[in-house]
Amino acid sequence: MQDVCILQLHRREKRAPYIQKNDLAILNIIAANNWKRPIYFTSPYTNLGFGEFLRKDGLTYRLVPIKTQRPQDKWILNQRVGLSRDLNIDSAAKNVGEKFVFTSKKGAYFDEENRRHALSIRSAFAETAGDLADVGRKEEALKMISKSSSLIDSKDLPYAMISRDGSHNLYCLMYLEACYKAGNVQLAEKVKQDLKRDIQQQRSYYNYLKDEREDLFSSLETEARNNEIMSMIVDDIEKAYAPKSQTTAPVEGKNQTIVNNIKDSSKGKDSTKK
């Protein structure tokens, strides 16, 4: 699993060798603010070196004067990929679970950019639900997962599909683990099967290119390797959380039932070939 630990499916923190004007503006705001008013970012703005001081409140990141507590250490996914974040559980639960409003008609088409934003919303619910479960608040976690599954129909925003850098499936790995943590095993099973199916389809495609169109495969080696790594992560999550016995829980509906016994994680020839 060493390859998993160095997987770069996200932008790790990198400090630029120079400072741009927009960076200076941000630093000036922080210096002049003197903690009198809250400073928020809509993404984990870490290239200036203060990533350890950003705490997520749901869909936003708040700059705080203390280092983050790294609750992600309890997630199998984050142990493998190394995502860095801190979540204010109480604020996130209130902001995402109570204040956040979103609707989408069934059959709505999401282009690539809208899928990216919608996946961020789904992930915010997943992060909050998973961390709630990790501190023993399973009922709240299950409600969070139930609400998230009702916001966007999975036929409109699949749980797994090919995307740039495999980011779509990376988001869904988080959602898969959150479902397990919260206790919705049936939904976890659906997400897992969708992920496995898409990963296998991508594997077949990459193997075909490798055997039959090596000239095309050379530019996709990284994607092929990441796809295999995500397959291993799915297996790791399943091994860590798969319950010995299950309590039936509806996938997307009412009367959700908590599962309490899930442990938390600390080739054909190509006729066109010349």
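How many residues are assigned to a helix (DSSP H, G or I) and modelled with pLDDT under 85 if we restrict to the range 14-23?
Selection size over the range 14-23: 0.
Let's see how each residue does on (1) surrounded by fewer than 21 Cβ atoms within 10 Å (Cβ to Cβ); (2) basic (Lys, Arg):
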residue: Asp90; (1), (2): yes, no
residue: Val96; (1), (2): no, no
residue: Lys105; (1), (2): yes, yes
residue: His117; (1), (2): yes, no
residue: Ser120; (1), (2): yes, no
residue: Asp131; (1), (2): no, no
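Per-residue answers, yes or no, for (1) over 24 Å from His117 (Cα atoms); (2) modelled with pLDDT of 80 or more; (3) among the polar types (S, T, N, Q); (4) under 29 Å from the mean Cα position of the chain (by Cα):
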position	(1), (2), (3), (4)
Arg11	no, no, no, yes
Ala25	yes, yes, no, no
Ala31	yes, yes, no, no
Asn34	yes, yes, yes, no
Phe41	no, yes, no, yes
Pro44	no, no, no, yes
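Just the residues that are surrounded by fewer than 15 Cβ atoms within 10 Å (Cβ to Cβ) and out of contact with any Asp or Glu (no Cβ under 9 Å at 6 or more places or on another chain), please, taken from the range 195-210.
If the condition is that a residue be surrounded by fewer than 15 Cβ atoms within 10 Å (Cβ to Cβ) and out of contact with any Asp or Glu (no Cβ under 9 Å at 6 or more places or on another chain), then Arg197, Gln200, Gln201, Ser204, Asn207 are the ones that fit.
Please list, ordered by residue number, the helices (runs of 4 or more DSSP H) wholly in the range 80-174 having 1 or more residues that are at pLDDT 90 or above, touching a helix residue (DSSP H, G or I) at 6+ places or on another chain (Cβ under 8 Å) and of a type in the set (S, T, N, Q). Spell out the reasoning first.
Values: elements: 89-94, 112-134, 138-151.
So the answer is 112-134, 138-151.
Results for (1) among the β-branched types (Val, Ile, Thr); (2) modelled with pLDDT under 90; (3) more than 19 Å from Leu176 (Cβ to Cβ); (4) part of a loop (DSSP other than H, G, I, E, B), shown as yes or no for each residue.
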residue	(1), (2), (3), (4)
Asp215	no, yes, yes, no
Ala240	no, no, no, no
Lys269	no, yes, yes, yes
Lys273	no, yes, yes, yes
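Given the conditions (1) surrounded by fewer than 17 Cβ atoms within 10 Å (Cβ to Cβ); (2) under 13 Å from the mean Cα position of the chain (by Cα), and given that Phe125 satisfies all but one, which numbered condition is not satisfied?
That leaves (1) as the condition not met.
Being over 19 Å from the mean Cα position of the chain (by Cα) and either of a type in the set (A, V, I, L, M, F, W, C) or modelled with pLDDT of 80 or more (or both) is the filter here; which residues of the range 63-79 pass it?
Scanning the range 63-79 gives Leu63, Val64, Pro65, Ile66.
The values are calculated or read from the model by the stated rules, or taken from the named source; none is laboratory data. Being a predicted model, the structure only gives us computed values, none of them experimental. Positions of Cβ are backbone-derived with ideal geometry, glycine not excepted, and every protein chain shown enters the neighbour counts.
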